[in-house]
1. For segment 231-258, name all the residues that are closer than 21 Å to Ala168 by Cβ and among the acidic types (Asp, Glu).
2. Return yes when Ala103 is assigned to a strand (DSSP E or B), more than 16 Å from ligand 2 (Cβ to nearest atom) and at pLDDT 95 or above and no when it is not.
3. List, please: which pairs have Cβ atoms under 9 Å, are six or more places apart or on different chains, and start with a residue in segment 293-309 that is more than 16 Å from Leu324 (Cα to Cα) and among the small types (Gly, Ala, Ser) and end with one that is within 16 Å of ligand 2 (Cβ to nearest atom) and at pLDDT below 95?
4. With respect to Thr279, determine if the residue is in contact with a Lys or Arg (Cβ under 6 Å, 6 or more places away or on another chain) and either of a type in the set (Ser, Thr, Tyr) or surrounded by fewer than 20 Cβ atoms within 10 Å (Cβ to Cβ) (or both).
5. Counting just the residues of segment 290-325 that are out of contact with any Cys (no Cβ under 7 Å at 6 or more places or on another chain), assigned to a loop (DSSP other than H, G, I, E, B) and farther than 15 Å from Thr279 by Cβ, which one comes out farthest from ligand 1 (Cβ to nearest atom)?
6. Counting only residues that are surrounded by 15 or more Cβ atoms within 10 Å (Cβ to Cβ), of a type in the set (D, E, K, R) and without any contact (Cβ under 8 Å) to a residue 60 or more places away in the chain, give me the helices (runs of 4 or more DSSP H) lying completely in segment 121-231 with at least 2 of them.
7. Just to be sure I understand, how many residues within segment 1-58 are charged (D, E, K, R) and either within 16 Å of ligand 1 (Cβ to nearest atom) or modelled with pLDDT under 95 (or both)?
Amino acid sequence: MAVILERLRLHDYRNIEAAEIELSPEFNLLAGQNAQGKTSVLEAITLLSLGRVVRGSRDTEAIREGTEAASVFGEIQPTGTALGMELFRGRKKRALLNGLGLARASDLLGRLPSVSFWAGDLELVTGEPAGRRLMMDSELSQLYPSYFRHLAIYKRALEQRNALLKLASDRYVGDEQFEVWEAQLGESGHEIRSFRVEWCEMLAPLAAAAHGEMAPGEALSLVYLRKDEEPDLTLALAQTRGRDIARGSTSVGPHRDDLEIMVGGRLARQFGSQGQQRTSVISLKIAVLDLAKQIIGFPPLLLLDDIFSDLDEHRRARLVHTALTHGGQVVVTCTEAGQAGGELVGRSKIFRVNQGQVQAE
Ligand SMILES: Nc1ncnc2c1ncn2[C@@H]1O[C@H](COP(=O)(O)OP(=O)(O)OP(=O)(O)O)[C@@H](O)[C@H]1O
Ligand SMILES: [Mg+2]
């Protein structure tokens, strides 16, 4: 059965001083002018879902200016579980489960699965590989706790190896010191790649189907791209150690890989028309949503942030259709409710967002 976010409470989160929101288990629409707090509400929901802020780089940026702490609480059904996140200036953030502090914010992962479409998601296709890796990491961490564990081990070992590389450029560092971290990188890196490859293989046909529906005859393909060839990553790390000391960073491993998006046999990022890029990003996201649904066995919370304004009628209709047939809880933001189309508006609980105040209509 789907997990539903029933009640949401925010304090000093971005421009929202205080808000209590009773969400519908089906469709919710947050409408308001620019800069009123709509995206902030969606971001607060993802904070409960992922344990971290999606926008910007640091969690503390979400704390309302002039205040010292922000908090977000949500009650999920059918279990009645209370999830919470507190952000502090100059102190570690804290996650709460039924009022009790969790060891790590990431312990919230998987309790409120969500898939979001952000207005900036076009960059998934047009931007650097880092954005696509972050998407893979976010999705896979929500789906598989062991993926997140391997990722955490990998990141730590990578920092340690990089620190040693810098050290080794002006003094002697024994091989055995490198070998400890390279063994960890090799093992967790191998797991990370296996998860990513398998996920991309499942994702590709779903994305191709969604794309073919919007742009008949235009083939979309997704391929996980390993940037280095050696199958044994530990060995590859030992082999590149000398070169890596000279460049001061680790040149092989999943932190350098990419998800290649091709339209009609050409790289969408380099050669795609704007329309093809938009269609492929929507297809990609629809596929991510479909796959998450398959893997977790129920529809995740679907968050659509201001995605209608930049799209033509055809693509807008496809996304509205996705929302309407989703079968789980949906929260949509837009500047004018009309953008979402009559049917979605008619079936939604509507909230007005104005200067950080959120009022149900
Ligand atoms: N830490 C913060 N403290 C106070 N205000 C903030 C903070 N971070 C962002 N803001 C402000 O909060 C306001 C609401 O931002 P938000 O992105 O939620 O707006 P929005 O309603 O989604 O607008 P748009 O329609 O333009 O996307 C903006 O004016 C933003 O500058
Ligand atoms: Mg916004």
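The values are calculated or read from the model by the stated rules, or taken from the named source; none is laboratory data. The model shown is predicted, which means the values in this text are computed figures rather than measured ones. FYI the Cβ positions are ideal-geometry reconstructions off the backbone, even for glycines, and counts take in every protein chain you see.
1. The one that is closer than 21 Å to Ala168 by Cβ and among the acidic types (Asp, Glu): Asp244.
2. no
3. Filtered contacts from segment 293-309: Ser309/Ala119; Ser309/Cys334; Ser309/Thr335; Ser309/Glu336; Ser309/Gln339.
4. For Thr279, the condition - in contact with a Lys or Arg (Cβ under 6 Å, 6 or more places away or on another chain) and either of a type in the set (Ser, Thr, Tyr) or surrounded by fewer than 20 Cβ atoms within 10 Å (Cβ to Cβ) (or both) - is not met.
5. Gly297
6. 175-214
7. The number of residues fulfilling the criteria is 8.
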